[in-house]
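Below you'll find the structure, written out as structure tokens, and then a few comments.
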Amino acid sequence: MAELNILEAIRRAMDEELAADERVMVLGEDVGRKGGVFGATEGLWAKYGDRRVLDTPVSEGLIAGAAMGAALYGLRPIAEMQFADFVYPGFNQIVSEIARMRFRSNGAFGVPMVIRMPYGGGVHGALYHSQSNESYFTATVGLKVVAPGTPADAYGLLKAAIRDPDPVMFFEHKKTYRLFKAEVPDDGDGLVPIGPAAVVRPGSDLSIFCYGYMRFCALEAAETLAGEGVEAEVVDLRTLRPLDTKTVLASVERTGRALVVHEANQFGGFGGEVAAIIAEQGFEHLDAPVTRLAGPEVPAVPYHHDLEEWFMVNPERIVEAARTLAAY
């Protein structure tokens, strides 16, 4: 197996799908000759040409709408929003058109497309380059929403998303792009199905539910807690919609305590949905209130290093929240 970071895994997944299927194409701002602002599409324009790797104008509405049109005409576009923060001009295309196409056509038309969404803070991107806006899309029926936290998951889930018959929002936490390397299958296989969560660390005292960069933080926190005699089970949700409620509830049944962690603001965030499902369907297994740990209630990630650090959910904060929950 190859040792790749998440950015390299994403690039390889696109490269392999472009090579395997002539219907696959890439479009977005600077994804061509430049190779993308983070380098995710580096080398693809030179390899596949400007009919399959397209630079677009600075218009997210155009990117989303053109991708939908291409998908309706039989292609499988991968659209890149340069930063998740920039998606809002394309929001109407995604929510009102792309998400509803299969329903409004009574199943006659699907929209097999992926929108890649680099999101999250911790890379000094400030107010307009750091948002975690996944809950807008998890609240939209008709979209699948994925947020991997390892190179193998990024690789396998992106390939699965490209082959999916319906639209997939693919959230990539920017801080994880070059954070670490791990093994990724190099035999062209390694698909990770959209849907199932993964129990990535077993435990008996509480469950930590997370995704994206929070997986990295939760595992580090779990090691600290283990040194204190608290065994935390870490569950990487990986797919936010459809949510793997079976794995979530089974974990709560084993541990009796649930801590839901994400970087977005708590009010209206995706963690509220996870907490509600546990409260409704797993109440009899709970020994303590379901707890959420999320970003502070400010509009965006600040620019100043100290304030950015204050904003970010980190292993230390997860340990603190888990200690309180374990002691309840």
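What the table below lists for this structure:
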item	result
Pair list, Cβ under 8 Å, 6 or more apart: region 300-313 residue open to solvent by 20 Å² or more (accessible area, probe 1.4 Å), other residue among the aromatic types (F, W, Y) and assigned to a helix (DSSP H, G or I)	P302/W310; P302/F311
Residues of region 96-112 satisfying the condition of being touching a helix residue (DSSP H, G or I) at 6+ places or on another chain (Cβ under 8 Å) and open to solvent by less than 40 Å² (accessible area, probe 1.4 Å)	I98, M101, G110, V111, P112
Any hit, region 137-147, residues being in contact (Cβ under 8 Å) with a residue 60 or more places away in the chain, touching a Lys or Arg at 6+ places or on another chain (Cβ under 6 Å) and among the hydrophobic types (A, V, I, L, M, F, W, C)	yes
Residue pairs meeting the criteria (Cβ under 8 Å; at least 6 apart or on separate chains; first under 14 Å from R116 (Cα atoms), in region 30-43; second among the basic types (K, R))	F38/K174; G39/R11; A40/R11; A40/R116; T41/R11
Wholly within region 156-230, strands (runs of 3 or more DSSP E) carrying at least 1 residues that are polar (S, T, N, Q), closer than 30 Å to G256 by Cα and in contact with a helix residue (DSSP H, G or I) (Cβ under 6 Å, 6 or more places away or on another chain)	206-210
Qualifying residue in region 55-71 (condition: in contact with a Lys or Arg (Cβ under 6 Å, 6 or more places away or on another chain), closer than 18 Å to L18 by Cβ and either surrounded by 13 or more Cβ atoms within 10 Å (Cβ to Cβ) or of a type in the set (S, T, N, Q) (or both))	no
Top-ranked residue in region 245-279 [being open to solvent by 30 Å² or more (accessible area, probe 1.4 Å) and hydrophobic (A, V, I, L, M, F, W, C); ranked as farthest from P302 (Cα to Cα)]	A250
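The values are calculated or read from the model by the stated rules, or taken from the named source; none is laboratory data. Here the structure is a predicted model, which means the values were calculated and not measured. Virtual Cβ from ideal backbone geometry, glycine too; neighbours counted across all protein chains shown. Side chains are part of the model used for accessible areas, which takes the heavy atoms of the whole protein and leaves out ligands, DNA and RNA. Shrake-Rupley method; radii C 1.70, N 1.55, O 1.52, S 1.80 Å.
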